[in-house]
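Below is one structure, written out as structure tokens, with a few remarks after it.
The numbers here are math on the coordinates, done by the rules we state, and not lab data. Please read these numbers as outputs of a predicted model, since none were measured by experiment. Note that each Cβ is placed from the backbone with ideal geometry, even for glycine, and that neighbours are counted across all protein chains shown.
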Amino acid sequence: MRTSNAWIRWSISIVWRRPASGPNRRGHFVRVVLPCLLLTALWLTAATGRADAQTVTPDLFSPNRQSQIVTQDSPLRRTTADAMDPLNGLKLPDADPSRRATSSASTPERVGQVPTYGLPAANGAAASGYDSLNRKRLKPKYYPGQAKPKPPPGPGSPVPTPPPLTAAGQLRLSIPPSETASKPPLPPAMAGTIVGQPPRRRLKLDDDPFGAVGDYAGSFMVKTAVEVMAGYDTNPGRLNSPQGKAFYMVAPEFVAISDWERHAVVADLRGSFTGYGSQLTPVDGTPLSAPLDIDRPSFTGHIDGRLDVSRDTHLTGQARLLVSTDNPGSPNVQAGLAKYPIYTTVGGTFGIDQHFNRMQVSLGATVDRTDYQWSKLTDGTSSSNDDRNFTQYGGVGRVSYELNPAVKPFVEVEGDSRFHDLYLDRNGYARNSSGGYAKVGTSFEFTRILFGEISIGYARRDYIDPRLSPLEGLLTTASLTWNATPLTTAKFYSDTQLGETTLPGTSGVLSRTYTVEVDHDFRRWLTGIGKFTYGTLDYQGDNRNDTIYSVSGDLIYKMTRSLWIKGTLRRDWLDSNQPGQSSASTVVMLGVRVQN
């Protein structure tokens, strides 16, 4: 190829060489031109035979001297995308040399067309834009049933909305009805579109879309609720020979939380009343171990306050009230009662919290007063319960250290003394005592998935009467929450109490309870709750040991934020080592909850 090009340049130079002047000028020109034409024809014949080696293309007319290859930075260089454009009529060179001749032969003739200088016509237009060659554009294809954009009705109409896309960028097959439903217009004040209005703060995501909204009373957020339930209990008196009764229950709630920059006050008041409408019937004239009237009230309330003296010093206080009766099946229930005697416990705690960098020291003084009503018997008489009335004075201290924001171990010590209104009880025992507990534990929080508090210790109570042995035992307390999934939450509770008793020769009762609860949201508006409770009652000095079991399941249907429907199924067992004291019952309840 290089030799042929050199031969042509030599021939042309001979043709255009100026001959000598004279009469032989024309003959000299003919003698020179004829050999050149003959050589050119021979060269073209050879080049045609090697069409696969070189084809006449626009690249041969490159403006660069002595080069047929356009440089990379040249604006006239075609790109791969241009060669692949089906509307441009170009194709990439085939990698197979045997097919190059066929590809070149099938290329359409470009004689008479507008030169493109390496770029296709209408190269800058979109798939649906303007094309100067008036070529047909490809229309997008949609799946069956997929929403299609509507063309504008005429000039001046707004640009049609493109079809919706998924998170992956794909076209969505359908649009949910909620997106196309009629929605009321949003006021400009709420939308934040008023000129000069500061932008509205984005509201946080509601964790409980069916929770109580509450109302503001001054600077307090107040939430109220009431549950009205009705059901059937196969053994409400927890008798060895069960007697079933239908019942109803009304349970109001009141919660108030302050919304202050400093200081804080929280009030939590919850109560209930369970009525059966009819009395139990004695069997063969024998007094029952349960009252004839088994209606029971219950109330638990406390008000907590915190006064921020400084950043590291806080004064704390709590006022509490408990209204209840003895538990059904308890040996403290007298035989031949007409109704349960109600007792109240009123108390308070006043203390101080002091922070020393990561260390926190809390000290508090406690006082509680417990009073029992007189017992009404089935024969119309009454008996005093003054020997069960007592006042308790005590103090509690706690030291904790924050190892890191997630773990905070602590040590807690408590001591108290109980003074009864009567020095000797109905059986001639002196019940005044002193005692307390010491425990160590930690509170922790791991990314809100597992958090709570757990501790272990030892409790002991000594009585003035030498005939009463010390009441003591291992102390276990825990309150753990595990958010297994966004829909499932598991909870574990454990508590230990040292209680009073009226049994002769018995110091008291050491009670431990362990509860496991699992909450699962089948839907945001449908929640299932499963609970299992295991407890032990150790009457030290009487050799009586009771074991309690309870399995329950709740199903809550949340119709709105203000109205819930709740159903409960529960099975209770009391297993005692004393003959005739074991019992079992099944409880079924259905009701509504109204809250605000």
*Scaled to the compact-protein estimate 2.2 N^0.38 Å, what is the alpha-carbon radius of gyration of segment 382-493, rounded to two decimal places?*
1.50
*Could you pull out every one of the lysines with an alpha carbon less than 28 Å from that of K183, ignoring same-chain neighbours closer than 8 positions?*
K148, K150, K204, K558
*asked:* To make sure I understand the rule: partners must be aspartates and glutamates, Cα under 15 Å from the Cα of K408, and not fewer than 8 residues away in the same chain. Which ones qualify?
replied: E445, E453
*Please give the length that would be gained between Y142 and S384 if that part of the chain were fully extended, namely 0.36 nm times their separation in residues minus their C-alpha to C-alpha distance (nm, one decimal).*
78.4 nm
*Give me the aspartates and glutamates in straight-line cross-link reach of K376: C-alpha distance below 18 Å, same-chain residues under 8 apart excluded.*
D293, D295, D326, D386, D387
*Grab the Cα-Cα distance for R561 and M221, subtract it from 0.36 nm times how many residues apart they are, and report the gain in nm with one decimal.*
120.8 nm
*asked:* Let me understand segment 461-582 better: what is its radius of gyration from the alpha carbons, and its Dmax, in angstrom?
replied: 19.3, 61
*asked:* Distance between the C-alpha centers of segment 384-426 and segment 477-509? Whole Å please.
replied: 17
*Can you work out the base-10 log of I(q)/I(0) for segment 342-387 at q = 0.23, 0.28, 0.29 1/Å, using the Debye formula on its C-alpha atoms alone?*
-0.84, -0.97, -1.00
*Range of Cα positions in segment 266-361 per principal axis (Å), largest first*: 70, 24, 18
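Can you tell me the length gained on complete extension of the stretch L422 to A319, counting 0.36 nm per residue apart and subtracting the Cα distance?
Details: separation 103, 0.36 × 103 = 37.08 nm, distance 2.61 nm.
Length difference between fully extended and current span is 34.5 nm.
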*Calculated FRET efficiency, R358 and I456, Cβ-Cβ r, R0 25 Å, to nearest 0.05?*
0.60
*Calculate the spin-label point distance for S272 paired with T447, positioning each point 7 Å from the Cα along the beta-carbon direction, and give it in nanometres.*
3.7
*segment 320-407: Rg/Rh from Cα coordinates, Kirkwood Rh?*
1.25
